[in-house]
Amino acid sequence: MKFNKKTILSLLIIFILIGSILITILPLLLDNKTSEIVVFETNRGIIEVELYRDKAPLTVENFIKYVKEGHYNNTVFHRVISTFVIQGGGFTPNGTEKDTHAPIKLETNVGLSNKAGTIAMARTSSPNSATSQFFINLMDNSDSLDYRNAQNPGYAVFGKVVKGMDIVNLIGKTKTGTKNIYLPQYNITIPYDDWPIENELIIKAYLK
């Protein structure tokens with residue numbers, strides 16, 4: 001079968017078009033992972049966090065559950081240390097501690113580190129005690145917060161700020177003081193240090 005020049009040119013153009021389309025869509029076909037982004041609307045501006053479900057599935061699922069339930073809406077960043085972290089997810093502006101689900105298993109030593117801009121779960125001295133509270137690292141805290149060994153299990157990183165790190169840093173510069181907080185479950189009032197003098201409010205949080 002013989003082809004004239006016009007036919008050959010047409011076929012060549014078609015092959016080029018097919019090739020360019022494949023180059024565009026092939027990476028999408030090979031990578032079926034979709035990014036999970038949580039948006040925090042704060043009184044300072046928007047913060048967007050990408051979650052690392054592949055590395056910390058239990059932690060991400062727990063966090064998303066609280067987001068979908070509206071747990072973080074109308075809460076505050078209640079602990080701010082300018083050379084360390086901003087922490088939130090546990091208290092309303094008047095200092096009321098929110099109810100939580102059962103604590104989750106600690107997911108550290110999974111290849112994630114407490115670098116500047118990463119988000120991690122707050123917990124007590126017990127490794128498997130994280131519930132809803134989280135913190136965003138203002139600087140590289142890997143030396144003090146990463147997994148070292150069974151005696152120093154670290155804090156579970158599960159994502160990173162991808163938009164609004166300027167907002168995070170702005171919150172990190174807020175003036176703080178001591179606030180007396182009543183804990184009804186223990187029937188005690190305790191002082192909380194590093195509490196912002198003016199509310200650093202999470203208006204709402206949602207999946208993008």
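Only the coordinates and a few stated rules stand behind these numbers; no lab work does. For clarity, every value in this text was computed on a predicted model and none was experimentally measured. Because the Cβ atoms are built from the backbone with ideal geometry, glycine has one as well, and the counts that use them run over all protein chains shown.
Quick look at the values:
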| quantity | calculated |
| --- | --- |
| Verdict on Ile181 being in contact with a Phe, Trp or Tyr (Cβ under 6 Å, 6 or more places away or on another chain) and among the β-branched types (Val, Ile, Thr) | yes |
| Any chance Phe158 is within 14 Å of Arg79 (Cα to Cα) and either within 13 Å of the chain's Cα centre (by Cα) or of a type in the set (Gly, Ala, Ser) (or both) | no |
